[in-house]
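Asker: What follows is a structure written as structure tokens; I'll ask about it next.
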Amino acid sequence: MTEETITLEVTRYRPGDREPRMESFAVPYRKDWVVLDALNHIKDRMDGSLTYRWSCRMGVCGSCGMMVNGVPKLTCSAFLRDYAPGPVVVEPLNNFPVLRDLVIDMDSFLEKLRWVKPWIVRREKTALGPGEHRQTPAQIDEYRQFSMCINCMLCYSACPVIPIEPDFIGPAAIALARRYDLDSRDQAGDERLRTLTGSDAIWDCSFVGECSAVCPKGVDPAKAIQQTKFESTMGMLLPWGGSR
């Protein structure tokens, strides 16, 4: 009995190539397989030179983001059955330089993350004796949604601003900045707000909302951007109020 297959058309690129090219692979069709399973089958059984990133296969690490039929997806969550009968076109994420095959250069994204200091900053040093900085459930709920970001960069791939303004700080970085601004333990809100209201920051956003539409974890970067715009505007109109 002939095994049922589905075709994957995969981007191939090596440093020094003039242009990327597409290569087709017929892989076994399994209803419980995701696109990442198909890529692993190609690498294990058909062409070991195929290069891509993945790690947890559980939608947690964020490393397997790629374009699947033109849409940014985590390939560990994109089931082949949703693309049958195929072909399934797998390409590297848009808006990033390509290093090899499906592997993108993340350096610009990591640099933008560093700008917003996505960690708790304390200006007032306290002794360890009194214990931890406690939070109520209501305080945690203030930032919980934005804390779900896994840095998968799908939102950067979907963003229509980044191809025009490559230095735009971008959705995930702004969402993570908002996450820490809303954290009652953090004391760097004013500093982050200055970064986010400078050039290539929140005011570059055209509020198309594609970043929120493609997020696999339900984070709403567009909401974070609009909230930050509002806070910045109120800070200018009511300077004595400032940020939190």
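Asker: When the Debye formula is applied to the Cα atoms of region 120-162, each taken as the same point scatterer, what base-10 log of I(q)/I(0) results at q = 0.18, 0.20, 0.22 Å⁻¹?
Answerer: Scattering profile of region 120-162, log10 relative to I(0): -0.79, -0.85, -0.91.
Asker: Okay, moving on. Give me D for region 90-147 in µm² s⁻¹, whole number, from Stokes-Einstein with Rh from the Kirkwood sum over alpha-carbon pairs, 20 °C and 1.002 mPa s.
Answerer: 138 µm²/s
Asker: Still on this structure, I have one more. Ordering H41, H133 from largest to smallest accessible area (1.4 angstrom probe), what's the sequence?
Answerer: H133, H41
Asker: Let me ask something else. Which length gain, in nm to one decimal place, applies between D17 and D167 when the Cα-Cα distance is subtracted from 0.36 nm times their residue separation?
Answerer: Additional length available on full extension: 51.4 nm.
Asker: For E91, what accessible area in Å² do you get when you roll a 1.4 Å probe over the heavy atoms of the protein chains, rounding to the nearest 10?
Answerer: 70 Å²
Asker: Just tell me which lysines come within less than 19 Å, Cα to Cα, of K117; anything on the same chain fewer than 8 places away is out.
Answerer: K125, K229
Asker: Another question about this same structure. Hey, any idea what the orientation-averaged projected area of the convex hull of region 108-193's Cα atoms comes to, in nm²?
Answerer: 6.5 nm²
Asker: Just need log10 I(q)/I(0) for region 98-243 at q = 0.12, 0.14 Å⁻¹, Debye formula, equal scatterers on the alpha-carbon atoms, no solvent, rounded to two decimals.
Answerer: Debye curve over Cα of region 98-243, log10 I(q)/I(0) at q = 0.12, 0.14 Å⁻¹: -0.52, -0.69.
Asker: A further question on this structure: Please compute the modelled spin-label separation between E4 and D107, points set 7 Å along Cα→Cβ, answer in nm with one decimal.
Answerer: According to this spin-label approximation, the distance is 4.6 nm.
Asker: Let me ask another. Between V71 and C56, what is 0.36 nm times their sequence separation minus the Cα-Cα distance? Round to one decimal in nm. Before the final figure, lay out the partial values.
Answerer: On the way: separation 15, 0.36 × 15 = 5.40 nm, distance 2.10 nm.
Stretched out fully, the V71 to C56 stretch lengthens by 3.3 nm.
Asker: Calculate, in whole percent, how much of the Cα-Cα pair population of the chain lies beyond 25 Å.
Answerer: Here the tail beyond 25 Å accounts for 49 percent of pairs.
Asker: Ignoring everything but the protein chains, give the 1.4 Å probe accessible area of S147 in square angstrom, nearest 10.
Answerer: 50 Å²
Asker: Under 8 Å for C-alpha pairs, at least 6 residues apart: give me the relative contact order for region 115-227, rounded to a whole percent.
Answerer: Computed over region 115-227, the figure is 37 percent.
Asker: Let me ask something else about it. In whole percent, and with a 1.4 Å probe on the protein chains, what portion of the accessible area of the chain is carbon and sulfur? Before the final figure, lay out each step's value.
Answerer: Numbers: 6840 of 12980 Å².
Exposed carbon and sulfur together represent 53 percent of the surface.
Asker: How far apart, in nanometres, would the label points at K31 and H133 be if each is projected 7 angstrom from Cα along the Cα-to-Cβ direction?
Answerer: So the label points at K31 and H133 sit 5.0 nm apart.
Asker: On C-alpha positions alone, give me the angle between the axis of helix 171-181 and the longest principal axis of the chain, in degrees, nearest 10.
Answerer: Long axis of 171-181 versus the principal axis of the chain: about 30 degrees.
Asker: Could you pull the accessible area for L193 with a 1.4 Å probe, rounded to 10 Å²?
Answerer: Estimated to the nearest 10 Å², L193 gives 30 Å².
Asker: May I ask you to derive the FRET efficiency for Q187 and F230 from their Cβ-Cβ distance with R0 = 30 Å, giving the value to the nearest 0.05?
Answerer: That gives a FRET efficiency of 0.90.
Asker: When 1/r is averaged over all different Cα pairs and the result inverted, which Kirkwood radius in Å belongs to region 1-93?
Answerer: On the way: mean 1/r = 0.0743 Å⁻¹.
This gives a value of 13.5 Å.
Asker: Report the semi-axes of the equivalent ellipsoid for region 40-95 in whole Å, largest first, where each axis is √(5λ) for an eigenvalue λ of the Cα gyration tensor.
Answerer: Value: 16, 16, 12 Å, ordered largest first.
Asker: A further question follows. For the chain, find the longest principal axis of its Cα atoms and tell me its angle to the long axis of helix 107-116, 0 to 90°, nearest 10.
Answerer: Helix 107-116 sits at roughly 20 degrees to that axis.
The values are calculated or read from the model by the stated rules, or taken from the named source; none is laboratory data. Being a predicted model, the structure only gives us computed values, none of them experimental. We place every Cβ from the backbone using ideal geometry, glycine too, and count neighbours over all the protein chains shown. Heavy atoms of the whole protein, side chains included, go into the accessibility calculation; ligands, DNA and RNA do not. Shrake-Rupley method; radii C 1.70, N 1.55, O 1.52, S 1.80 Å.
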